[in-house]
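Colleague: Pasting in a structure now, in structure tokens, and then I'll have a few things to ask.
The values are calculated or read from the model by the stated rules, or taken from the named source; none is laboratory data. For clarity, every value in this text was computed on a predicted model and none was experimentally measured. Note that each Cβ is placed from the backbone with ideal geometry, even for glycine, and that neighbours are counted across all protein chains shown.
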Amino acid sequence: MDYVISQKNWQVRDIPVRLRPREEMDRLGVENVSEDVLLSVVLRSGAHGRNVVELARQLLMDYGSLTAMAKSSVDELSSSRYKGMGHVKAQVLMAALELGRRMNEEGMPQKRVIKTPEDVVGILGDRVRTLDTEIFWVLRLDSKNNLKGEPVDVTKGLLDASLVHPREVFREAIRSATAGVVLAHNHPSGDPAPSMDDIRITKQMVEAGQIVDIKVLDHVILGSPDENGNSKYVSMREDGIVKF
């Protein structure tokens, strides 16, 4: 049975030795302990009158998930709301969450083939989970639909036709002798339904691609994950919204 701390002035040294975060991780193995234990180990210490386990549990309760926590900032985490969480400790926590995201990216195959909207979601889905602003990406493909390098960020912030220029969209594609591109962007609202601007931008890019002889294969809009953790998305090609 998990040990429950019921007194606010208890310190980690007051917890039975076998149930202290570091000792529990040694006993059970890092893969078998709860998220509050892992956070406690990362944070190392709490504050006077409040131990690190309580701090970790409050963070998890307030944010609801590690994904939501990763969307916060160092300034937000080190605010007076979280007693015992200073600027340096907030930096350490954000660094740990970012390392987890990057490790997940490293697990992807070196040669990634983009043939379906699901392939696009597989590459960008983890990035989208922690974003609260719109980002427009260009995925560059060779003649066999292999992804050439990392997705290129074209714009960040509110998306409209005046901000997404063909010059920016196709610059890296032309430089790297790309055969085709897939466009993608996220909707922080969670609803992937395309706006009129999304449709207008897509048509403009399809026409520009024909001029520079780089085929635009699709435009995928990513929303928030559903209750099962699956990313919601709209493929303008599959839904027949724009002719490619």
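Colleague: Give me the residue from the range 129-143 that is under 17 Å from the mean Cα position of the chain (by Cα) and among the hydroxyl-bearing types (Ser, Thr, Tyr) and, out of that set, nearest to residue 226 (Cα to Cα).
Modeller: Ranking the qualifying residues of the range 129-143, first place goes to 130.
Colleague: Going by what's in this entry, would residue 164 be described as within 25 Å of residue 132 (Cα to Cα), surrounded by 14 or more Cβ atoms within 10 Å (Cβ to Cβ) and at pLDDT 90 or above?
Modeller: Taking the combined requirement at face value, the residue does not satisfy it.
Colleague: Do you know which residues across the range 10-43 are surrounded by fewer than 17 Cβ atoms within 10 Å (Cβ to Cβ), at pLDDT 85 or above and either among the aromatic types (Phe, Trp, Tyr) or not in a helix (DSSP H, G or I) (or both)?
Modeller: Scanning the range 10-43 gives 29, 34.
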